[in-house]
Amino acid sequence: MKDIREEKMNRYNPKLYWEPKTGEGYYYLTFFEKENHILYGTLDNKSGNDVPRIIFGNCFRTKDDAENAIPIIKSALIKISGS
């Protein structure tokens, strides 16, 4: 998984990449109906939704880091979706 993660981070979000440890809280972004949402979660043994967030680089130490990443993540999602 690490090689894929590194490749994606180099392409989409290299400066903001951070991987939380199990039990550590993190902020992440969601986009719903053209609105940005910053949510807070806790890493639970790298299961469920944590893994895709880690791979994509959608884990941030602070709310400010998450806010600063909104244009980067949106741009990456547009590239991925081909829109």
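Exactly one residue out of Pro71, Pro14 is out of contact with any helix residue (DSSP H, G or I) (no Cβ under 6 Å at 6 or more places or on another chain) and at pLDDT 85 or above: that is Pro71.
Within region 26-83, the residues that satisfy the criterion of being among the acidic types (Asp, Glu) and surrounded by fewer than 11 Cβ atoms within 10 Å (Cβ to Cβ) are Glu33, Glu35.
If only residues of region 28-68 that are of a type in the set (S, T, N, Q) and within 11 Å of the chain's Cα centre (by Cα) are counted, the one that is modelled with the lowest pLDDT is Asn49.
The values are calculated or read from the model by the stated rules, or taken from the named source; none is laboratory data. None of the values given here were measured: they were computed from a predicted structure. Glycine gets a Cβ as well: all are built from the backbone with ideal geometry, and neighbour counts include every protein chain shown.
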